Amino acid sequence: MPSLLQTIWNDFLAKLSGLGPKLITAAIILVIGFIIIRVLVHLIERFFDRVNFERSAETFIENIAKVALWGILLIIILGNLGVNVSGLIAGLGIMGFIVGFALKDALGNLASGVFILFHKPFKVGDWINIGGIVGGVERVGIAACVLKSPDNVKITIPNSKIWGDVIQNYTGNPTRKIFNLEVGISYNSNIDKAIKIIQTILKKDKRVLKDPEPQVVTKSLGDSSVNIAVRPAVNKEDYWDLYFDLVKTIKQEFDKNGIEIPFPQRDVWIKEMAKDGKRKK
């Protein structure tokens, strides 16, 4: 019996001595891997601090990154110790494929959220239009963004739909140009006088920017009116206040100066018929 125990002990020492260098190498890999993981996680945290992302999503992504990095490190260490990790990698690959297929929509939203964070087509507080949906951005999430419509309705849009559609950011630039304000005057009114009145209104309003110079031009000849386009540049925060004030002020000044804003008109010709149904000459 003693000889049997001695044999077992000797075999153990022999295997341990052969495994010693591998254990040392594995320990070194563990220390280096730990440092690399700490650095990468710190870079991820700094990235999220810079983009000002929501904290819950930050924590979720950081935890996913940590699990993935530690998993890679574990596989490297086991391979260095002589463990056959090919089966483990294949199993993880199959499991990843199954999970990815089951969560393809969620992963698509996650990937789109990363692109939105990186490219920053909009931020919280911006007024945007996505596929015809208009609203102010209240939250940029990892899977979806939340907007508030003009009538105070909460709208949640998945990130994959946002990134796959055209994004119009009305407040993305510091200034905007009022481009859809038109005033119709009667064909009997003086066009030059009307344009001069509008130009005077724009010059007196301090919210109208000097550069670029405001445009007041005759745009088209309508069925009942001559249409004048009014296109001033304005700081984005003054856009709607100036728009509504211009509509009111232009109407008031036109009334004072005898410039007529006509109603839609249509001429109707009535042709008399004779009693026998024939048209009178």
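For this structure, a couple of remarks:
- Candidates are the residues of segment 78-121 that are at pLDDT 80 or above and in a helix (DSSP H, G or I); the one that is surrounded by the most Cβ atoms within 10 Å (Cβ to Cβ) is 113.
- Only residues that are outside any strand (DSSP E or B) and surrounded by 15 or more Cβ atoms within 10 Å (Cβ to Cβ) were counted in segment 147-167, giving 5.
- Selected residue (criterion: modelled with the lowest pLDDT) from residues of segment 63-75 that are over 21 Å from residue 158 (Cα atoms) and exposed (fewer than 14 other Cβ atoms within 10 Å of the Cβ): 63
- Residue 259 meets all of the listed conditions (1) in contact with a strand residue (DSSP E or B) (Cβ under 6 Å, 6 or more places away or on another chain); (2) buried (at least 18 other Cβ atoms within 10 Å of the Cβ); (3) modelled with pLDDT of 95 or more but one, namely (3).
- Scanning segment 175-217 for residues that are basic (Lys, Arg) and either within 15 Å of residue 251 (Cβ to Cβ) or without any contact (Cβ under 8 Å) to a residue 12 or more places away in the chain (or both) turns up 196, 203, 204, 206, 210.
One line per residue, one yes/no per condition, for (1) under 40 Å from the mean Cα position of the chain (by Cα); (2) not in a helix (DSSP H, G or I):
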{"residue": "172", "(1), (2)": "yes, yes"}
{"residue": "198", "(1), (2)": "yes, no"}
{"residue": "206", "(1), (2)": "yes, yes"}
{"residue": "218", "(1), (2)": "yes, yes"}
{"residue": "230", "(1), (2)": "yes, yes"}
{"residue": "237", "(1), (2)": "yes, no"}
{"residue": "255", "(1), (2)": "no, no"}
{"residue": "261", "(1), (2)": "no, yes"}
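- Residue match in segment 155-166 (condition: of a type in the set (Ser, Thr, Tyr) and in contact (Cβ under 8 Å) with a residue 40 or more places away in the chain): yes
Yes/no per residue for (1) buried (at least 17 other Cβ atoms within 10 Å of the Cβ); (2) of a type in the set (Phe, Trp, Tyr); (3) within 30 Å of residue 115 (Cβ to Cβ); (4) touching a Gly at 6+ places or on another chain (Cβ under 8 Å):
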site	(1), (2), (3), (4)
139	no, no, yes, no
145	yes, no, yes, no
169	no, no, yes, no
188	no, no, no, no
200	no, no, no, no
211	no, no, no, no
219	no, no, no, no
222	no, no, no, yes
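The values are calculated or read from the model by the stated rules, or taken from the named source; none is laboratory data. Given the structure is predicted, the values throughout are model-derived calculations rather than measurements. Methodologically, a virtual Cβ is constructed for each residue, glycine included, from the backbone with ideal geometry; neighbour enumeration extends over all protein chains shown.
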